[in-house]
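The values are calculated or read from the model by the stated rules, or taken from the named source; none is laboratory data. Source: prediction; values computed, not measured. As a convention, Cβ positions derive from the backbone with ideal geometry for all residues, glycine included, and neighbour counts pool all protein chains shown.
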Amino acid sequence: MSCLKAERWALRTAFIIAALLVEPGESQTASPPPPPCSAFQSCDKCLQNARCLWCFSTNNCTDYPVSWLIPPSSLCQLSQARWGMCWINFEALIITLAVLAGIVLLAVTICCCYCCCCCCKKRQARGRVGDPMTMP
């Protein structure tokens, strides 16, 4: 009989814990689709959406061509294209990112070379200490 009571108590406890952990479901309404990029009339409004590209030469906002990493010149010249920030053009953005990537790679390479040289020197020093040929 006590086994049955313990089983019921365990089931009740599990049910109460499950009921407390489960949150009541909220009804989800579909959000309205975002406006198309062509609806934006200023660079600031256009670039609030990461999917939009502003072209200063034509003063229009277009969908960023996700099939290409760099937008084609038929869409907008790189020097006139803005993405992310209005004050920096796409050409300068690409050059800046390339320089930063080069600096990071150079720093990692220098650190690896330095660590390898230190490890080799330590191994050579340990090898000389126990070498009977180096003892007087």
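Just to verify a result, which residue in the range 32-61, among those that are part of a loop (DSSP other than H, G, I, E, B) and touching a helix residue (DSSP H, G or I) at 6+ places or on another chain (Cβ under 8 Å), is surrounded by the fewest Cβ atoms within 10 Å (Cβ to Cβ)?
R51
In the range 87-102, is there at least one residue being exposed (fewer than 12 other Cβ atoms within 10 Å of the Cβ), assigned to a loop (DSSP other than H, G, I, E, B) and free of Cβ contacts under 8 Å to residues at least 40 places away in the same chain?
Yes, some residue in the range 87-102 is exposed (fewer than 12 other Cβ atoms within 10 Å of the Cβ), assigned to a loop (DSSP other than H, G, I, E, B) and free of Cβ contacts under 8 Å to residues at least 40 places away in the same chain.
Scan the range 87-103 and tell me whether some residue there is in contact with a helix residue (DSSP H, G or I) (Cβ under 8 Å, 6 or more places away or on another chain) and among the polar types (S, T, N, Q).
No; the residues of the range 87-103 include none that is in contact with a helix residue (DSSP H, G or I) (Cβ under 8 Å, 6 or more places away or on another chain) and among the polar types (S, T, N, Q).
Regarding Q48, is this residue under 30 Å from C86 (Cβ atoms), within 25 Å of the chain's Cα centre (by Cα) and at pLDDT 65 or above?
yes
I'd like the full set of residues that are closer than 17 Å to L93 by Cα and either at pLDDT below 90 or in contact with a Phe, Trp or Tyr (Cβ under 9 Å, 6 or more places away or on another chain) (or both), limited to the range 51-64.
Matches in the range 51-64: R51, C52, L53, W54, Y64.
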